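Can you keep this structure in mind? I'll have questions shortly.
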Amino acid sequence: MNAASSPTPPRRRGDVVFRGLSHGAGWFILIVLAAVALFLIVEAIPALIPGAKISSAPDGFFAFVWPLVYGTLFAAFLALIIATPLAIGIGLFISHYAPRRIASVLGYIVDLLAAIPSVVYGLWGIQVLAPAAQPAYQWLADNLGFIPLFAGPVSGTGRTILTVGIVLAIMVLPIMSALAREVFLQTPKLQEEAAFALGATQWEMIQIAVLPFARSGLLSAAMLGLGRALGETMAVAMVLSPAAAVTVKLLTSENPSTIASTIALDFPEASGLDVNALIAAGLVLFVITMIVNTIARGIVTRHREKMGAN
């Protein structure tokens, strides 16, 4: 009998229910995303109208939001630059270097960092990290002050954009290192054994077999950490001494603020068009996050297709 004419197996009630729940969950997240976008757009329109009288933005909305966009991206990329090599190193140590007992305990400890509330990170940044880092900041300004990044005058409290970058890096490190660890563990054993058979050392095997295989996964981990850093609110609001500035200096008390922290600090006292301006800033952050995730998804997909072709 031809396979095309074979009778279709009857659907079980459980299959139908599970299929409906799966489709409903998929459509639900799309509906929620569309509802959030629609709310932001509708509420942001009054602040985006030319000539809108916004007391918190007398020069116009875009003059108000541009320093916040810069500060958001600057702090997030600082966190990513600090956290990415640490996450890769932690993932490699747990997956390929540490003994099994130590690896399991260390993996549990790293994962536990993700459960710490952001307000605790903020308190730690204010009370511990900022005072401890201030002498190091002064040393950097004294010895490397000719570089614009480390130019003075140095903040006396240590509450700078670099401190925020370090705090954000520690906050995104658990999820990035966990993803890196899982990707490294998925490397085909035959590839690792083939590298060893060719006379490669442990590090050479990692360079030849592990890192190329894990490249797309590491990129996904980095973009996920970047998305978390872009939207972080309380830790940034507590640590940073914000100012409406666009500067590359890392050690001064004049720091660019972020969109999320500005909304958290200003929203309780805002009224009228100021509320619409803050919601419009949230819409800008929403768009930035969507663009970053879309670019990351495209890069990962292209890399996977290339690996599959090879």
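Can you find a residue in region 240-255 that is closer than 14 Å to ALA79 by Cβ and touching a residue at least 24 places away in the same chain (Cβ under 8 Å)?
yes
In addition: Out of (1) more than 16 Å from THR160 (Cα to Cα); (2) assigned to a helix (DSSP H, G or I), what's the single condition that is false for GLY199?
(2)
For region 231-249, which residues satisfy the criterion of being crowded, with 24+ Cβ neighbours inside 10 Å and among the hydrophobic types (A, V, I, L, M, F, W, C)?
Across region 231-249, the qualifying residues are ALA235, VAL236, VAL239, LEU240.
Every residue, every condition in (1) touching a residue at least 12 places away in the same chain (Cβ under 8 Å); (2) of a type in the set (Phe, Trp, Tyr); (3) in contact with a helix residue (DSSP H, G or I) (Cβ under 6 Å, 6 or more places away or on another chain), yes or no:
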position: GLY199; (1), (2), (3): no, no, no
position: GLN202; (1), (2), (3): yes, no, no
position: ILE206; (1), (2), (3): yes, no, no
position: ALA235; (1), (2), (3): yes, no, yes
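Does VAL172 qualify as being farther than 25 Å from GLY89 by Cβ and at pLDDT 85 or above?
It is false that VAL172 is farther than 25 Å from GLY89 by Cβ and at pLDDT 85 or above.
Turning to a different aspect of this structure: For the condition modelled with pLDDT of 85 or more and over 30 Å from ILE279 (Cα atoms), what is the one hit in ALA75, ALA136?
ALA136
Would you be able to say whether some residue in region 90-111 is part of a helix (DSSP H, G or I), closer than 30 Å to ASN255 by Cβ and at pLDDT below 85?
Scanning region 90-111, I find at least one residue that is part of a helix (DSSP H, G or I), closer than 30 Å to ASN255 by Cβ and at pLDDT below 85, so the answer is yes.
Let me ask something else. State all residues of region 95-110 that are surrounded by 15 or more Cβ atoms within 10 Å (Cβ to Cβ) and more than 13 Å from MET176 (Cα to Cα); if no residue qualifies, say none.
Selection gives SER95, HIS96, ALA98, ALA103, LEU106.
What pairs come out if I take residues in region 90-118 that are farther than 21 Å from GLN186 by Cβ and pair them with residues that are surrounded by fewer than 12 Cβ atoms within 10 Å (Cβ to Cβ) and modelled with pLDDT of 85 or more whose C-beta lies under 6 Å away, six or more apart or interchain?
Within 6 Å, no pair qualifies.
Check region 161-172 and report whether any residue there is without any contact (Cβ under 8 Å) to a residue 60 or more places away in the chain and not polar (S, T, N, Q).
The answer is no; no qualifying residue exists.
Name the pairs whose Cβ atoms lie under 8 Å apart, with the first residue in region 182-193 and charged (D, E, K, R), the second surrounded by 12 or more Cβ atoms within 10 Å (Cβ to Cβ) and in a helix (DSSP H, G or I), and 6 or more positions between them or separate chains?
Listed by first residue and then by second, the contacts come to GLU182/GLY217; GLU192/MET205; GLU192/ALA209; GLU192/VAL210.
Would you pick out the residues in region 29-55 that are among the small types (Gly, Ala, Ser), more than 23 Å from the chain's Cα centre (by Cα) and surrounded by 14 or more Cβ atoms within 10 Å (Cβ to Cβ)?
Result: ALA44, ALA47, ALA52.
Tally up the residues in region 145-160 that are more than 19 Å from THR72 (Cα to Cα) and either assigned to a helix (DSSP H, G or I) or of a type in the set (Ser, Thr, Tyr) (or both), please.
Count: 4.
Can you tell which of ALA264, ALA209 is surrounded by 21 or more Cβ atoms within 10 Å (Cβ to Cβ), assigned to a helix (DSSP H, G or I) and among the aliphatic types (A, V, I, L, M)?
The match here is ALA209.
Against the definition (touching a residue at least 60 places away in the same chain (Cβ under 8 Å), assigned to a helix (DSSP H, G or I) and touching a Gly at 6+ places or on another chain (Cβ under 8 Å)), how does ALA47 come out, yes or no?
no
Would you mind telling me which numbered condition in (1) out of contact with any strand residue (DSSP E or B) (no Cβ under 6 Å at 6 or more places or on another chain); (2) closer than 21 Å to LEU129 by Cα SER257 fails?
(1)
The values are calculated or read from the model by the stated rules, or taken from the named source; none is laboratory data. Keep in mind it's a predicted model, so treat the numbers as computed, not measured. Here Cβ is always computed from backbone atoms with ideal geometry, including for glycine, and neighbour counts include all displayed protein chains.
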